[in-house]
Amino acid sequence: MIENWIDNLCRVWEFSGPGLDMVRSYKLIEKAEFPSAINPVDLDTHPIALTIPAAVQPMYAMGRKHLTWFGVTEFHVAPDLDRGRMPSLVHWFSLILRAAAANVQLGGIVENFVIVDRPDGIEGPLALKYGDEAAHWGFTVKWMVEEVPTNSNLPVSA
């Protein structure tokens, strides 16, 4: 179930790149520290990833169980909307893709983790806000996780 793998998904986004420190990716289960606001001033060197589950498509019957989870991760990566930052923002597509492709089973916990196969799978650079701060550059990543829950996690009976 989601509580078994969501923090592993958050860890996928803890990467660094040219000229920036490791992305701060907030966990949802092991540490209850999800922010209510962020400070965009720090984003130049300390980008933030916020992972938010959005939906589940359950399929369960006597002989088969399969859950498909959908969500979005917001990457807040620059303190403002200065268009002069475009050369550094272009690298984010590759950084995000490499991180996801290297973790398709989230450490063996799920059947499959992917960025959704559609035109808005990764969007950016976009003007993002999270709370009352000024708009700043970021990216959104729409992801999907497929899992086959165990009988103890999702018992099915007739």
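Here are the numbers for this structure:
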item	result
Test: residue in region 73-82 that is buried (at least 17 other Cβ atoms within 10 Å of the Cβ) and over 17 Å from the mean Cα position of the chain (by Cα)	yes
Pairs where the first residue, in region 131-158, is basic (Lys, Arg) and the second is in a strand (DSSP E or B) and modelled with pLDDT of 95 or more, C-beta under 9 Å, 6+ apart	142/54; 142/70; 142/71; 142/72; 142/73; 142/115; 142/122; 142/123
Any strands (runs of 3 or more DSSP E) falling wholly within region 100-158 and containing at least 1 residues that are under 17 Å from residue 53 (Cβ atoms)	112-115, 136-147
Only listed residue being out of contact with any strand residue (DSSP E or B) (no Cβ under 9 Å at 6 or more places or on another chain), of a type in the set (A, V, I, L, M), surrounded by 14 or more Cβ atoms within 10 Å (Cβ to Cβ) and farther than 21 Å from residue 105 by Cβ, chosen from 20, 50	20
Those residues of region 29-47 which are assigned to a helix (DSSP H, G or I) and either loosely packed, with under 14 Cβ neighbours inside 10 Å or at positive phi (or both), in sequence order	41
Residue count for region 33-92, restricted to those that are in contact (Cβ under 8 Å) with a residue 60 or more places away in the chain and within 30 Å of residue 156 (Cβ to Cβ)	11
Restricting region 92-132 to residues that are within 22 Å of residue 45 (Cβ to Cβ), of a type outside the set (A, V, I, L, M) and in contact with a Ser or Thr (Cβ under 8 Å, 6 or more places away or on another chain), the residue that is surrounded by the fewest Cβ atoms within 10 Å (Cβ to Cβ)	131
Checklist (1) crowded, with 17+ Cβ neighbours inside 10 Å; (2) at pLDDT below 95; (3) of a type in the set (A, V, I, L, M); (4) in a strand (DSSP E or B) applied to residue 59, failing item	(1)
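The values are calculated or read from the model by the stated rules, or taken from the named source; none is laboratory data. Because the structure is predicted, anything quoted here is derived from the model rather than measured. Please note: Cβ atoms are built from the backbone with ideal geometry, for glycine as well, and neighbour counts cover all protein chains shown.
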